[in-house]
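Here the structure is laid out as structure tokens; the discussion comes afterwards.
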Amino acid sequence: MAEEVEKTKKSVDTASLELIDKAGTDQVSLAFDRAERMKPCPIGAVGSCCKNCGMGPCRVPLPKGKEETPEEKKKRRGICGATSETIAARNFIRMIASGAAAHSDHGRGVAELFLAAARGKAPGYEIKDEQKLLALALEWDIEIGDRSNNEIAIDIGEKALAEFGRQEGEVLFLKRAPLKRQELWRQQGVAPRGIDREIVEIMHRTHIGVDQDYQNLLKQGVRSSLADGWGGSMLATELQDILFGTPAPVLGQVNLGVFKEDEVNLVIHGHEPLLSEMIVAAAQEPEMIALAKSKGANGINLAGMCCTANEIIMRHGIPLAGNFLQQELALVTGAVDAMVVDVQCVMESLPDIAQCYHTKIITTSPKAKISGAMHIEFDEHKAMEGAREVVRIAIENFPRRGKNIRIPKEKCDLIAGFSHETINYLLGGLFRASYRPLNDNIINGRIRGVAGVVGCNNARTAHNEGHIAMVKELIKNDVLVLQTGCSAMASAMAGLMVPEAAKYAGEGLASVCEAVGIPPVLHLGSCVDNSRILIAATAMVKDGGLGDDISDLPAAGAAPEWMSEKAISIGQYFVASGVFTVFGVTWPTTGSKEVTDFLFKDMEELYGGMWAFEPDPVKAAQLMIAHIDKKRKALGIDKARERVLYDMEMRREMESA
Ligand code: NFS
């Protein structure tokens, strides 16, 4: 029994638990085990450790168990004199800088490939969504006339790339936000100039002896996060859609049970869809399939991991093998012939674990090599050749598979691919696409509000538990949930992303889902696709009836199992866009009350959205619902909902009579 309790602390997913067990037998060390062995540093965890210079690291923890006098507080400083406020704020915005850099460098890579494709220098890639290309050309004042798609795309690609190095003015996509929001950003002085510039400025300001006013530091954090959400991430999403196709609803499967005993299993892991798009094409080539058969396999089975998985399920229906904490477990099945990775959220333990089985780990980005892995560098000019090589390595490794194989049986259906365009279309129809029905159902109270639940897994908390508990609580209370990243996969594994999941939803939300034919939990893609949530929120504002800014919407955001710096950047741009955003597991500024209060309280004054921290996912969901109700009241639509509830009560009474 004691062991049962221990095990369920690691994950709520039975497939994962089965493989955690197998790893134990195989003497493989996993993130779960390392998390148990190594406790987080209590000073660093709350943002009270500064290692920004060679005199430190300086630790400025709050004194334990007693109230601090102002005199004592004055003395609690780093060697350079930095206070705990400055140190916590510096640490926090450095997380934003790193997160924004990761998303934006992804966006830059897409822009470079986009441009190369338009110039005919990236064979195999071509514009897939002409409508979206033309829409963006119109938005950016790029001449269409009788120019070819590629000519237009060259101008778009150049303009997109220039966004990263822009020195003055404003990031172009800021203009997509509601007008009131744009004005607010300008008033607050946080409208980002250029993407790279804001990130660099964080690194400058947090160098020893520069910005030493925590509020001023946090302000630059906001500006940089906006450069991510409304800049780098949004560029990544838009250009990927034009180049690879805008997602539309597609049926797929998720969890470690998607591997096949009799086929070559190739896992595509990481974040950027550039190479994976080509691998999908290469794996379908008749020569590759023939080669696989010649090695005794019945075919080639691709499966995605982490955000690459989200990218390729949305566009091709390729199954999702799992989220962040399942990457090691995929290898423990013994059935993965190769795992190809690019950037972000890839564990360095993979090559080591692979040695216990037969799996080849292949790195592909010049930015991300791992010792012990093979490296096949992705070259956009000959992407197909690289993709074929990867597929061939997986096939040739198939006969080396050992006998120690266990593929869990768990796999679950899901519907992915809810882009902003699809939601618009599903709700309003092709010729009058709009968010009107959504707004109407929010106004009449059938849908209480909308929540974005996103982010990672975190080995400090039971894998997937927070996501699933939070999402269930939200939909039970008639909140429509939009998801991305590893969080989306967690819900999908729990069966929440199929129309039948309406049975978990409150009566109002269930009735809308049934009428429109959508699940109560919508999969919007990878983490850069959180920009789709910003666009959806803006579309709701523009459709009318729910106020004139994102901060007026009955909406909230959350990352119940966050761990990456990218999640902090996302959370900050949600907040700065006017969204109440609650994180779980741990909060990185609690070492400074001032900084934490500023993020949790003062930001609401400044931006209409604010942070919160609540490790209990159900309580966190209730905070979100309370915020949604507060916004409904401010809009004067709280009464409508009461009527709906009254109606249901009445019906129940009638039924029982
Ligand atoms: Ni997002 Fe995607 Fe997952 Fe977290 Fe990592 S994969 S970009 S950072 S862990 S959600």
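Kindly indicate the residue of region 531-543 that is open to solvent by less than 20 Å² (accessible area, probe 1.4 Å) and farther than 24 Å from Pro499 by Cβ and also nearest to the ligand (Cβ to nearest atom) among those meeting that condition.
Ranking the qualifying residues of region 531-543, first place goes to Ser531.
Quick one: Lys631 ticks every box in (1) within 22 Å of the chain's Cα centre (by Cα); (2) surrounded by 18 or more Cβ atoms within 10 Å (Cβ to Cβ) except a single one, so which number is it?
The one condition Lys631 does not meet is (1).
Those residues that are away from the ligand (no atom under 13 Å from the Cβ) and either in the same structural domain as Leu19 (by TED's automatic domain parsing) or touching a strand residue (DSSP E or B) at 6+ places or on another chain (Cβ under 6 Å) (or both), I need them from region 314-329; list them, please.
Result: Met314, Gly317, Ile318, Pro319.
Mind checking which residues of region 597-606 are more than 19 Å from Ile43 (Cα to Cα) and open to solvent by 10 Å² or more (accessible area, probe 1.4 Å)?
Result: Phe598, Phe600, Lys601, Asp602, Glu604, Glu605, Leu606.
Within region 471-507, work out how many residues are under 18 Å from Ile442 (Cβ atoms) and within 16 Å of the ligand (Cβ to nearest atom).
Counting residues in region 471-507 that are under 18 Å from Ile442 (Cβ atoms) and within 16 Å of the ligand (Cβ to nearest atom) gives 2.
Of the residues that make up region 315-323, is at least one more than 22 Å from Ala567 (Cα to Cα) and in a helix (DSSP H, G or I)?
There is at least one residue in region 315-323 that is more than 22 Å from Ala567 (Cα to Cα) and in a helix (DSSP H, G or I).
Is it the case that region 576-596 has a residue that's in a helix (DSSP H, G or I), surrounded by fewer than 21 Cβ atoms within 10 Å (Cβ to Cβ) and not assigned by TED's automatic domain parsing to the domain that holds Ser104?
The answer is yes; a qualifying residue exists.
Can you go through Cys58, Cys53 and tell me which one is open to solvent by 40 Å² or more (accessible area, probe 1.4 Å) and modelled with pLDDT of 95 or more?
Cys53
Based on what the data block shows, is Ile353 away from the ligand (no atom under 15 Å from the Cβ), part of a loop (DSSP other than H, G, I, E, B) and touching a helix residue (DSSP H, G or I) at 6+ places or on another chain (Cβ under 7 Å)?
No; evaluated as a whole, the condition is false for this residue.
Within region 542-571, how many residues are assigned to a helix (DSSP H, G or I) and within 15 Å of Leu184 (Cβ to Cβ)?
The qualifying residues number 3.
Considering only region 6-22, I want to know if a residue exists there that is part of a helix (DSSP H, G or I), open to solvent by 60 Å² or more (accessible area, probe 1.4 Å) and either aromatic (Phe, Trp, Tyr) or at pLDDT 95 or above (or both).
Taking every residue of region 6-22 in turn, at least one turns out to be part of a helix (DSSP H, G or I), open to solvent by 60 Å² or more (accessible area, probe 1.4 Å) and either aromatic (Phe, Trp, Tyr) or at pLDDT 95 or above (or both).
In region 351-395, which residues are among the charged types (D, E, K, R), under 21 Å from Ala321 (Cβ atoms) and surrounded by fewer than 19 Cβ atoms within 10 Å (Cβ to Cβ)?
Those that are among the charged types (D, E, K, R), under 21 Å from Ala321 (Cβ atoms) and surrounded by fewer than 19 Cβ atoms within 10 Å (Cβ to Cβ): Asp352, Arg392.
For region 446-467, which positions are touching a Gly at 6+ places or on another chain (Cβ under 9 Å) and charged (D, E, K, R)?
Scanning region 446-467 gives Arg446, Arg448.
Does Leu302 meet the test of being buried (at least 20 other Cβ atoms within 10 Å of the Cβ) and part of a strand (DSSP E or B)?
When the stated conditions are applied, Leu302 passes them.
Look at region 597-625 and say how many of its residues are out of contact with any Pro (no Cβ under 9 Å at 6 or more places or on another chain) and assigned to a helix (DSSP H, G or I).
Within region 597-625, residues that are out of contact with any Pro (no Cβ under 9 Å at 6 or more places or on another chain) and assigned to a helix (DSSP H, G or I) number 17.
Can you tell me which residue within region 544-575, out of those that are open to solvent by less than 10 Å² (accessible area, probe 1.4 Å) and of a type in the set (S, T, N, Q), is nearest to the ligand (Cβ to nearest atom)?
Residue satisfying both the conditions and the ranking: Ser569.
Filter region 235-291 down to the residues that are more than 30 Å from Glu18 (Cβ to Cβ), over 17 Å from the mean Cα position of the chain (by Cα) and of a type in the set (Asp, Glu) and list them by number.
Selection gives Glu277, Glu285, Glu287.
With respect to Ile407, determine if the residue is of a type in the set (A, V, I, L, M), in contact with a strand residue (DSSP E or B) (Cβ under 6 Å, 6 or more places away or on another chain) and part of a loop (DSSP other than H, G, I, E, B).
Judged against the criteria, Ile407 is not a match.
The values are calculated or read from the model by the stated rules, or taken from the named source; none is laboratory data. Predicted model only: the values in this text are computed from it and were never measured. Note: ideal-geometry Cβ built from the backbone for every residue, glycine included; neighbour counts use all protein chains shown. Accessible surface is based on the protein model in full, side chains and every heavy atom, while ligands, DNA and RNA are left aside. Shrake-Rupley method; radii C 1.70, N 1.55, O 1.52, S 1.80 Å.
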